[in-house]
Amino acid sequence: MLGAFQNIAKIPELKRRILVTLMLLAVYRIGCHIPTPGIDTEALMTFFARYRGTIFGLFDMFSGGALERLSVFALGIMPYISASIIMELLKIVVPALEKLYKEGEAGQKKIKQYTRYGTVVLSAIQGLGISIGLESMGLEAGGTPVVLDPGWGFRLMTVLTLTSGTAFIMWLGEQITERGIGNGISLIIFAGIVARLPSAIINTTQLVKTGEIALVSMILIAVFMIGVVAFIVFMERGQRRIPVQYARRVVGRRMYGGQTTHLPLKVNSAGVIPPIFASSILMFPATVATFINIDWVRKATELLNPGALLHEILYVLFIIFFCYFYTAVTFNPVDVAENMKKYGGYIPGLRPGKSTSDHIERILARITLGGALYVSAVCVLPTILVQQFNVPFYFGGTALLIVVGVAMDTVGQIESHMLTRHYEGFMKKRIGGRIRR
C-alpha cells in the first residue's frame, strides 16, 4: 500500500490530476462558508438546531453544512442531480430525447446542455422558495427574525446568489471530472459529508469522557462500523455475469468475433438514489409540520419520526420500490438484447431477441431484490444503533453508501492510471485482486 502511494508521485499526470481535484474541492469548501447577504446567521443556525429531523437536515448533510449557514452554496448539487433524474425520465416518454441520446457523443453533449439549463431553472425555483420561507422563520413569539430586511429585494438577491452558487458548483464538478480524478459531482457530495467527520469525532469523544457512552460500547460500535463498511464494499463490487458468445464474422480477408465474454449486472444498479428519494418523501411531512401548529398534524408526524416502526417499514418499502424503478429507467434489457444481436452476440442456449431480453430481465429482477434488501439493511442499521446505544452515529445509511461508493470509484480510477503505466496498484493480486466497481 505504501509503495502504491510512492508510485503516484512518479506519474506526473496522475499527480497533477490529484492536486487539481484537491484544489477544486478546497474552493468548494471555502464557498460553503461565504454567507448569503441579508441573513442573521445565528438565528438561522438556531432554527436548524430545532429541526434536524426534517428534510432541511437531509439537504444540509448533502451540502456539507452550507444550508445551515445559508452560504452561497446552500442549494448544493441537489438541483443538478434532480435535473439529471428528470432528463432520464423524459428520455422514456419523449421520443426526440431518446433519439438524441442514441446519436453518440454529439447527442450526449446536447442532453448535458439541457441538464444544465434544467439545473438553473430548478435552482431559481428553489431559491425563491427558500427566500420566502426564510422571511417567515423566527417570527414566532419571542423568536429572532432570520431575514434582516425582507422584501422582493432580498428575494431576488437570494435567488441570484443561490442559483449562481449551484451553477458554480456544477462547473467545479465538471472540471474535476475532466481535469482531475474521479467523478466530480460525486466527489463534491463526498466532500460535504466527510467535512463533518472531525466535529462528529470530537462530540463522540466528549460523550465518552463524560460517561454518557461507555468505552466498551464505543469500541464495539467502531468494530461494527468497520464491518458495515466491509459489507458495503463487498456488495458494491458484487455482480452477476451472464456469459455472451459472439459468432465469427468475415470482413474482407479477416475474421472477427468468436470470443466469449460476459454481460455484468450489478447487484446494486440504482446506487444511492433510492435511499435519497425515500428519505425525502418520509421527511416531507415532518418539514410541513414545522410550519403548521395543529395538534393532529404533529401527532401524525410523530409516527413518521426516524426510529418509529411505521417509519422504518415505509422506509424499506420505498427503497425497494425506487431500486426497481430507477433500475428500470436506467437499464433497458430490450436495447441490450438488440445491440447484442446487432454485433452477432448471443447467450448460449437462448435465441437472440425477445428470449434474450426476457432472460436478462428475469435475472435483473432477482438481483435487484437482493440489492434493495442490502441497501435497506445499511440504511436502517444506523437508526437501530442510535436507539440502542444512544450515540450520535455520524454516518447515516445514505451518507455511508455515498462515502464508500465514491471512495471505491476514485481509488479504482487512480489504480487504473497506475496499472496502465506498469506500476503496482493498491491491492496485491494475491490478497483480493484489483479495486474495481
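If I filter the range 355-362 for residues that are in contact with a helix residue (DSSP H, G or I) (Cβ under 9 Å, 6 or more places away or on another chain), of a type in the set (Gly, Ala, Ser), crowded, with 16+ Cβ neighbours inside 10 Å and part of a helix (DSSP H, G or I), do I get at least one hit? Looking for residues that are in contact with a helix residue (DSSP H, G or I) (Cβ under 9 Å, 6 or more places away or on another chain), of a type in the set (Gly, Ala, Ser), crowded, with 16+ Cβ neighbours inside 10 Å and part of a helix (DSSP H, G or I), one finds at least one in the range 355-362, hence yes. Please go through the range 246-268 and pick out each residue that is polar (S, T, N, Q) and modelled with pLDDT under 85. Residues satisfying the conditions are Gln259, Thr260, Thr261.
Please pick out the residue among Ser63, Ser84 that is modelled with pLDDT under 80 and under 19 Å from Glu174 (Cβ atoms).
Numbers: Ser84 fails: modelled with pLDDT under 80.
None of the other options fit; the residue is Ser63.
Can you find a residue in the range 123-143 that is within 25 Å of the chain's Cα centre (by Cα), loosely packed, with under 15 Cβ neighbours inside 10 Å and closer than 28 Å to Pro275 by Cβ? Within the range 123-143, one or more residues are within 25 Å of the chain's Cα centre (by Cα), loosely packed, with under 15 Cβ neighbours inside 10 Å and closer than 28 Å to Pro275 by Cβ.
Among the residues that make up the range 181-204, is at least one of them of a type in the set (Ser, Thr, Tyr) and in contact with a Gly (Cβ under 8 Å, 6 or more places away or on another chain)?
Step one: of the range 181-204, the residues of a type in the set (Ser, Thr, Tyr) are 186, 199, 204.
Narrowing further to those that are in contact with a Gly (Cβ under 8 Å, 6 or more places away or on another chain): 186.
For the range 181-204, residues of a type in the set (Ser, Thr, Tyr) and in contact with a Gly (Cβ under 8 Å, 6 or more places away or on another chain): present.
The set of residues in the range 220-244 that are assigned to a helix (DSSP H, G or I) and either in contact with a Gly (Cβ under 7 Å, 6 or more places away or on another chain) or without any contact (Cβ under 8 Å) to a residue 12 or more places away in the chain (or both) comprises Leu220, Ala222, Val223, Ile226, Gly227, Ala230, Phe234, Glu236. For the range 326-337, a residue qualifies if it is touching a residue at least 12 places away in the same chain (Cβ under 8 Å) and out of contact with any Asp or Glu (no Cβ under 7 Å at 6 or more places or on another chain), and the qualifying residues are Tyr326, Thr327, Phe331, Val334, Val336, Ala337. If you go through the range 260-283 and keep only what is within 17 Å of the chain's Cα centre (by Cα) and among the hydrophobic types (A, V, I, L, M, F, W, C), you end up with Val267, Ala270, Val272, Ile273, Ile276, Phe277, Ala278, Ile281.
Just to verify a result, which residue in the range 202-218, among those that are aliphatic (A, V, I, L, M) and surrounded by fewer than 11 Cβ atoms within 10 Å (Cβ to Cβ), is farthest from Arg69 (Cα to Cα)? First the steps, then the outcome.
So the first thing to find is which residues in the range 202-218 are aliphatic (A, V, I, L, M), and the list is 202, 207-208, 213-216, 218.
This time we only want the ones that are surrounded by fewer than 11 Cβ atoms within 10 Å (Cβ to Cβ), so: 202, 215-216.
Details: Ile202: 20, Leu215: 33, Val216: 36 Å.
Among residues in the range 202-218 that are aliphatic (A, V, I, L, M) and surrounded by fewer than 11 Cβ atoms within 10 Å (Cβ to Cβ), the one farthest from Arg69 (Cα to Cα) is Val216.
Say whether the condition of being among the aliphatic types (A, V, I, L, M) and more than 30 Å from Ser357 (Cα to Cα) is met by at least one residue in the range 229-251.
Start the filter on the range 229-251 by keeping residues that are among the aliphatic types (A, V, I, L, M), which leaves 229-230, 232-233, 235, 242, 244, 247, 250-251.
Applying the additional criterion that residues be more than 30 Å from Ser357 (Cα to Cα) yields 229-230.
For the range 229-251, residues among the aliphatic types (A, V, I, L, M) and more than 30 Å from Ser357 (Cα to Cα): present.
In the set (1) at pLDDT 75 or above; (2) out of contact with any Lys or Arg (no Cβ under 6 Å at 6 or more places or on another chain); (3) part of a helix (DSSP H, G or I); (4) surrounded by 15 or more Cβ atoms within 10 Å (Cβ to Cβ), Leu75 fails one condition alone, (3). Residues in the range 89-112 that are modelled with pLDDT of 85 or more and under 21 Å from the mean Cα position of the chain (by Cα): Ile111, Lys112. Filter the range 333-354 down to residues that are buried (at least 17 other Cβ atoms within 10 Å of the Cβ) and under 31 Å from the mean Cα position of the chain (by Cα) and give me whichever is nearest to Ile273 (Cα to Cα). Ranking the candidates gives Pro333 first.
Each row is one residue, and each column tells you yes or no for (1) modelled with pLDDT of 70 or more; (2) assigned to a helix (DSSP H, G or I); (3) closer than 30 Å to Asn339 by Cα; (4) in contact with a strand residue (DSSP E or B) (Cβ under 6 Å, 6 or more places away or on another chain).
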{"position": "Arg351", "(1), (2), (3), (4)": "yes, no, yes, no"}
{"position": "Leu381", "(1), (2), (3), (4)": "yes, yes, no, no"}
{"position": "Val386", "(1), (2), (3), (4)": "no, yes, no, no"}
{"position": "Pro392", "(1), (2), (3), (4)": "no, no, no, no"}
{"position": "Gly412", "(1), (2), (3), (4)": "yes, yes, yes, no"}
{"position": "His417", "(1), (2), (3), (4)": "yes, yes, yes, no"}
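If you check Ala191, Ala230 for being surrounded by 11 or more Cβ atoms within 10 Å (Cβ to Cβ), aliphatic (A, V, I, L, M) and over 16 Å from Asp409 (Cβ atoms), only one passes: Ala230. For the range 166-188, name all the residues that are of a type in the set (A, V, I, L, M) and either over 23 Å from Ser82 (Cα atoms) or surrounded by 18 or more Cβ atoms within 10 Å (Cβ to Cβ) (or both). The answer is Ile169, Met170, Leu172, Ile176, Ile181, Ile185, Leu187, Ile188.
The values are calculated or read from the model by the stated rules, or taken from the named source; none is laboratory data. The model shown is predicted, which means the values in this text are computed figures rather than measured ones. Because the Cβ atoms are built from the backbone with ideal geometry, glycine has one as well, and the counts that use them run over all protein chains shown.
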